[in-house]
Amino acid sequence: MTSRHTIVGLAGALAVLGLAGCGAQTSCPPPTKVVAATIQRKMVIYTGKEIHRPGWPKYDPAFWSAPQNSTVTLTIVSHDSGAAPLMMTQDDKVSGTIGGVERIDGKAQSAVDNQNVAHTFTIPATGLNLPIPVAPAGQTVTVVAQVRMPAAGSYSWQCIAPCGTGPMGMAGPMVTPGYMQGTITVTPH
């Protein structure tokens, strides 16, 4: 892969303030405070041409982690210019983000027109839904949203737009881990 396809992983460090235990001292300092972190996470949606699987869109990375109670600024860059209208139009609305919006190429939006949806990034267990619009031909579209990480655990995400193979668009990458589905591991801090 070329450097333009390099994915930026965890682009921030956790800021944790604290003191070691008080040991044999007669008085202890106040309990350690953990400052909530803001994590930057970038994902790219490839269209299949870049990964040698024609017709198989793919989120990369599909598996990642973040600390519980952290705020993740999630940036999704999509190369996909094909529409995959949703079967249920309520899924074209943004939900589960801080402020109830996502930024599409810098502009705050609370929904994407159903006929203009290419993908979604959806975590059913947390109520997160980010509709990803169609990218202009030969260009990209960038969606940025802030998300508060829930309690520690493993959370499955998926694209719910019928962007895969098969008669209903729900086969191939839609049912293959690492393509249009993956897992976010929320770690205790």
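Since every read-out is calculated from the coordinates, none of them should be taken as a lab result. Keep in mind that what you see is a predicted model, and the values were worked out from it rather than measured. Neighbour counts run over all protein chains shown; Cβ positions are idealised from the backbone, glycine included.
Put simply, the amide H of residue 65, placed in the peptide plane, has neighbours under 5 Å in 185, leaving out anything fewer than 5 places away on its chain. A straight Cα-to-Cα reach below 12 Å connects residue 58 with the aspartates and glutamates 50, 80, residues fewer than 8 places away in its own chain not being considered.
So how do 86-93, 146-153 stack up, highest first, on mean other-Cβ count within 10 Å?
Numbers: 86-93: 14.1, 146-153: 15.9.
Result, highest mean first: 146-153, 86-93.
Do you know the relative contact order of region 44-189, to the nearest whole percent, from alpha carbon pairs under 8 angstrom that are 6+ apart? List each step's numbers first, then the result.
Numbers: 380 pairs, mean separation 46.6, N = 146.
Averaging sequence separation for qualifying contacts and normalising by length gives 32 percent for region 44-189.
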